[in-house]
Amino acid sequence: MKFKNWIYTAFIGAAVSFTSIQTSEAQVSQDRYFRALGTPHDPKVQVSWNRYHTNLALEEIMRDMAKKHPNLVKLESIGKSYQGNDIWVLTVTDFNHGKADEKPAMWIDGNIHSNEIQGTEFTLYTAWYLAEMYGDLEFITELLKDKTFYIAPTINPDAHDYFIKEANTQNSPRSGMIVLDNDGDGLAGEDPFDDLNGDGHITFMIRKSPTGRFVKDQMDPRKLIMVAADEQGEYEMLGYEGIDRDGDGQVNEDGIGYYDPNRDWGWNWQPDYVQRGAWKYPFAVPENRAVMEFVMKHPNIAGAQSYHNYGGMILRGPGAEEDLGTYNATDIRIYDAIAKKGEEFMPGYKYLVVYKDLYSVFGGQLDWFYGGRGIFTYSNELMTSYLYFHENAGRNNQDEQMKVDRYLTFGDAFVNWEEYDHPQYGRIEIGGFKKNFGRLHPGFLMEQDAHRNSAFTILHGYHTPKLSVSDVKETDLGGGLKEVVATIYNERLIPTHSSQDLKYKIARPDYVSISGAKVVAGFVVEDADFKKYKEQKVGPEKIHVDNIPGMGVVKVRWIVSGGGNYTINVDSEKGGKATWKK
Amino acid sequence: MKKMYLSLVVGVGMLFSFQSVGLAQSDYPTLNQMTQRLQGVAGNGTATLKSLTKTEGGKDVWVLKIGKGDMDNKPGIAVVGGSEGFHVLSVELALQFAEKLVNENDAALDRNTFYIFPNMSPDAYEQYHASLKYERRGNAAKVDHDRDGRLSEDGYVDLNNDGLITMMRVESPMGDYMPAEDDERVMVKANASKGQKGSYMVYPESRDMDKDGKFGEDLEEGIAFNRNQTYKFPIFTPLAGDFAVSQAESRALLDYLFEQWNIFAFVTFSPANNLSAPLKYNAGDAKKRIITSMLEKDVAINSMVSEMYNSTVSQKAFNQNNQGTDGDFFQWAYFHFGRLSFSTPGWWVPEVKGEDGKSSSSPEVNFLAWASENSVDAFVPWTQVNHPDLPNQTVEVGGIKPFVMYNPPFSEVAAIAQEHTDFILKLAEVSPKLEFHNLQTEKLGNGLTRITADLFNNSQLPTHSEMGEKSRWLRKVRVDINRETKDIMSGDKIKLIDKLGAYEKTTLSWIVKGSGNVEIKAGAAHTGIATLNVKL
Ligand SMILES: [Zn+2]
């Protein structure tokens, strides 16, 4: 009895304290915070945007978002990774307004390359920002009524955590966690890096040597400087931390991978001898297969964005010169319009083309999204040293990096040189920049860059098609016949079918149908002024339209008999739906 | 009753099943008969039967692995049937090879391992035995081949109700076909430059349900195995699909092959032929970043193997100009997998010369001449039908029956299978073969010994094709000496060699410390491993 009483009292107490907390939370916020423009100032889900999250923390945040925004955010696993981790996708849209899978959609993913983990934070920020700003900003509210955002913070969860938790360089691993034979000796992964000093970072090995070409800078002994050709140096570089584990005379020659998950996609795929990093065949990597299957099941995806690092770039295809013909002028005009606008509000980021400004890529993700699915797709290379001092000192500029670590990060970026007895090299020194410096944003630069990149995907998503029946004209033809001409307008920049899509008929045609009227004949209007029509003999009540261009119109015409009210429906895979009723 | 028969086959084993099928069979096997014979082969202790996956149509995709001892380190040959579903001969040839191998050629397993994939297109293969027969390529996947948003709306239709899909011809002054001069049953394209004028439109026996003026452009079959591979994948074309290796059977086969490092050559029974004559070398295409010509040294190997084929297989080449089609399997095995790859249809229509000593320029006319000489019932006479989509037009259905141009009468198969078995076994005999020769041990004093030996590839074939050298999917020749690094004064503990040419040797040398036995191993899975025991 006593015990039950206690529970009851506790329950009431909890209920009381719950309501009091609720009122006081709003009060707490009002008493303490003043809105900084452009940021959700009192979010339902609290996230620190100045650190990186493990898979565990990510899942907690995503579940919290789905719980706190049940009508805006849904979380689903689209498949399992090689090691059995879930590949999560957040669907962000106004679920009370239209069906999520029938609205024009953006696909956004991060972290296909394991070490490029800020993409995970940036995609997460996008989902968070959209959900928290819904109802607060008219633009975002409208956007989530019209569009759907499918957001996958990491499409490589295994190696996402492996990069964070295990010893790595700034560049490793690039692969997911499948281990292959890299040196052709019949063994897979027999000689990976070794974290000799046990600090969780793979840094460099140097050794004193009479033939070495480097000396330590007297002003800053962390810095190695190359001596002039006619001067004697003191140190030689031995490469990344490691030992020769298999006795073949090589160090670090066979670790995780190697395969490149971004050479595994089904457009212009080529094998390893052409494209290093290609594996067996397109979508052999299980994580990519899960993404591909999701995209195939969601033909409403009209725009896509993937995140990499490094370099401050907004990239579009083609990945290879051999594929130049795929990207034609009509589509490039749209790519240019969105990306050039992005350049304006993303200082340090340049709009570039992969094959000519970067390097050749066969079987890349962005080429499959566009070439294989007709989806307008960018890939951003996040982080650029420009963000440190607003100077273009160039990548891995040692002087600038040392300046960053001295004046902004106060020694957090560097492992100081320390002596070590190496089983093969003898006495060496180990040290250098940590794995979370260089390619990754330091905490104080993350939120700003996350916001600017999110703004870019929001612009892109905004410009996926928006269809409406803008005009319906009726003319009496006599003899009980009427002509009905409907004008379908696309209010945004992106067409319902890219020209790549039209070339290969990737997405089905758009359907403009009339119901409630007896249709005698149906046509696509080719020229309204000069009465050029293309008749559709089979099923004229549902006219097949090849494309509804961006900022353009399409007209369809029916000859119908009898009176009465009718409805006109537009149904486009990438353009969504629109209805007009008489 | 059927159940009892099955259990008998499994119980009594291979010998019984082989004989019973051999005696009973008068036609190409059904899928059930094929499976029973595979189980029969698997009754032999050297063979293991495994289902790689099930197709969209729920059919097993089988592999037989046949070998002895250290099977994964013996040079392997993969034999592939059913690349094309309508090529039913290819399945029978693969099956008979497996049967002859385990029954009559046990010795071939001492040095080689064999992988037999008897039927890569079981969904399509079934059409041969179905009530409606046609030459089918695609599996059971649902595919909108003409990509118009309507699924398979224009498949074949048996307009004359004879259980066969043949052709239809429509009389039309706009037609571009005319009867052939040397056999007016055959429709050939009119050649305007020779002043010829067509009088017929010719289509497959089908309808135009979507009224787009095209007949049979959206078939009810799915994706063809032999159009679904990555080399020159014909994306977005009928029977190929939206991306390469999209189908379960393609994926399962490749996943399996990528783990079988020992396969050095493929023999595929498919319509392509690079055995009667080798692939041609084109310097321009061989030097591009994406290689589309067989490389020069590999053409030489292909020539050598072609000679072997032509001296083993009696049929003389005729109209054998298919040397590969986009997305096919046999080219994949070479261009993307780096293995020696050979394909043959196994049989083709022989040349029939007329009184003037010449054969017809039309393969169909030549075929019908051969068919009449050999009493093969090969033609459905043109007969008028009422075509629902072509009212008031003269439409006739007829033409060469399905299958008969690509598959010989079953009575001819035994001899063809014997010759092709002989060929594959000859190819196995020339597989790369590593041997140690000229071992010398010299005492250098103070417990040091110099070991010198030649590693020799005793084969007409190199260890790596030129294409294989470029591929990471062929292992290097690895030499290991089982001494600790500290006891090796000179020489490598592990040494990787890129390639040994035909009859090429390389000299290896070590200085080691200590006494006792030293074991040196050299090889790769696809060359076999040579072992040298040295007493210090
Ligand atoms: Zn990347």
- Query: If we keep just the residues of region A:158-171 that are crowded, with 24+ Cβ neighbours inside 10 Å and within 13 Å of residue A:434 (Cα to Cα), which is nearest to the ligand (Cβ to nearest atom)?
  - Reply: A:163
- Is at least one residue of region A:220-233 more than 29 Å from residue A:441 (Cα to Cα), within 31 Å of the chain's Cα centre (by Cα) and more than 16 Å from the ligand (Cβ to nearest atom)? no
- Message: Step by step: first the residues of region A:264-301, then only those that are among the aliphatic types (A, V, I, L, M) and more than 10 Å from every other protein chain (Cβ to nearest Cβ), then the one that is surrounded by the fewest Cβ atoms within 10 Å (Cβ to Cβ). Which residue is that?
- Response: A:295
- Task: Starting from region A:453-481, keep only residues that are more than 30 Å from residue A:312 (Cα to Cα), then list their pairs with residues that are polar (S, T, N, Q) and outside any strand (DSSP E or B) whose Cβ atoms are within a distance under 9 Å, requiring at least 6 positions of separation or different chains.
- Result: A:467/A:496
- Does residue B:342 satisfy the condition of being touching a residue at least 24 places away in the same chain (Cβ under 8 Å), closer than 20 Å to residue B:321 by Cβ and among the hydrophobic types (A, V, I, L, M, F, W, C)? yes
- Task: Residues that are touching a Leu at 6+ places or on another chain (Cβ under 9 Å): find the strands (runs of 3 or more DSSP E) completely inside region A:472-549 holding 2 or more of those.
- Result: A:481-490
- Note: among A:74, A:67, just one is part of a strand (DSSP E or B), without any contact (Cβ under 8 Å) to a residue 60 or more places away in the chain and among the charged types (D, E, K, R), namely A:74
- Positions within region A:280-306 being under 17 Å from residue B:255 (Cα atoms), out of contact with any Lys or Arg (no Cβ under 6 Å at 6 or more places or on another chain) and away from the ligand (no atom under 16 Å from the Cβ), in sequence order: A:280, A:281, A:282, A:284, A:286, A:289
- When the residues of region B:251-292 are filtered to those that are within 14 Å of chain A (Cβ to nearest Cβ) and touching a helix residue (DSSP H, G or I) at 6+ places or on another chain (Cβ under 6 Å), which remaining residue is farthest from residue B:322 (Cα to Cα)? B:262
- Just one of (1) more than 14 Å from every other protein chain (Cβ to nearest Cβ); (2) within 15 Å of residue A:186 (Cα to Cα) trips up residue B:515, so point out which. (2)
- Going through region A:385-394 one residue at a time, which ones are in contact with a helix residue (DSSP H, G or I) (Cβ under 9 Å, 6 or more places away or on another chain) and either at positive phi or not in a helix (DSSP H, G or I) (or both)? A:385, A:391, A:392, A:393, A:394
- Query: Condition test on residue A:478, is it loosely packed, with under 14 Cβ neighbours inside 10 Å and either within 40 Å of the chain's Cα centre (by Cα) or of a type in the set (Ser, Thr, Tyr) (or both)?
  - Reply: no
- In region B:220-236, the residues that are touching a residue at least 60 places away in the same chain (Cβ under 8 Å) and part of a loop (DSSP other than H, G, I, E, B): B:220, B:221, B:222, B:223, B:228, B:229, B:230, B:231, B:232, B:233, B:234, B:236
- All positions within region A:172-213 that are within 16 Å of the ligand (Cβ to nearest atom) and small (Gly, Ala, Ser): A:172, A:175, A:176
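How many of the residues making up region B:508-532 are in a strand (DSSP E or B), under 22 Å from residue B:450 (Cα atoms) and not basic (Lys, Arg)?
Selection size over region B:508-532: 14.
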- Query: Is it fair to say residue A:120 is within 16 Å of the ligand (Cβ to nearest atom) and either outside any loop (DSSP other than H, G, I, E, B) or touching a residue at least 40 places away in the same chain (Cβ under 8 Å) (or both)?
  - Reply: yes
- Message: Quick check on region A:207-228. Is at least one of its residues small (Gly, Ala, Ser), in a strand (DSSP E or B) and touching a residue at least 24 places away in the same chain (Cβ under 8 Å)?
- Response: no
- Restricting attention to region B:117-132, does a residue exist that is surrounded by fewer than 18 Cβ atoms within 10 Å (Cβ to Cβ), away from chain A (no Cβ under 14 Å) and over 29 Å from residue B:59 (Cα atoms)? no
- Task: For residue A:87, state whether it is part of a strand (DSSP E or B), more than 16 Å from the ligand (Cβ to nearest atom), at pLDDT 95 or above and more than 13 Å from the chain's Cα centre (by Cα).
- Result: yes
- Check whether at least one residue in region B:508-526 is in contact (Cβ under 8 Å) with a residue 60 or more places away in the chain, touching a Phe, Trp or Tyr at 6+ places or on another chain (Cβ under 9 Å) and surrounded by fewer than 20 Cβ atoms within 10 Å (Cβ to Cβ), and report yes or no. no
- Kindly indicate whether any position in region A:307-316 is at the interface with chain B (Cβ under 10 Å from one of its Cβ atoms) and either modelled with pLDDT of 95 or more or within 16 Å of the ligand (Cβ to nearest atom) (or both). no
- Query: For region A:188-223, which residues satisfy the criterion of being aliphatic (A, V, I, L, M) and at pLDDT 95 or above?
  - Reply: A:196, A:202, A:205, A:206, A:215
- Flag if residue A:340 is away from the ligand (no atom under 16 Å from the Cβ), more than 14 Å from chain B (Cβ to nearest Cβ) and surrounded by fewer than 21 Cβ atoms within 10 Å (Cβ to Cβ): yes
- Query: Looking only at residues in region A:240-263 that are within 16 Å of the ligand (Cβ to nearest atom) and within 11 Å of chain B (Cβ to nearest Cβ), which one is modelled with the lowest pLDDT?
  - Reply: A:258
- Item | Any pair with Cβ under 7 angstrom, 6 or more apart, that starts in region B:102-117 at a residue that is among the β-branched types (Val, Ile, Thr) and ends at one that is in a helix (DSSP H, G or I) | B:102/B:14; B:102/B:41; B:113/B:71; B:116/B:94; B:116/B:97; B:116/B:98
- Here the residues within region A:303-344 that are of a type in the set (Gly, Ala, Ser) and more than 15 Å from residue A:368 (Cβ to Cβ) are A:311, A:312, A:325, A:329, A:337, A:339, A:342
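The values are calculated or read from the model by the stated rules, or taken from the named source; none is laboratory data. Small disclaimer: the values here were computed from a predicted structure and weren't measured. Cβ atoms come from the backbone with ideal geometry, glycine included; neighbour counts cover every protein chain shown.
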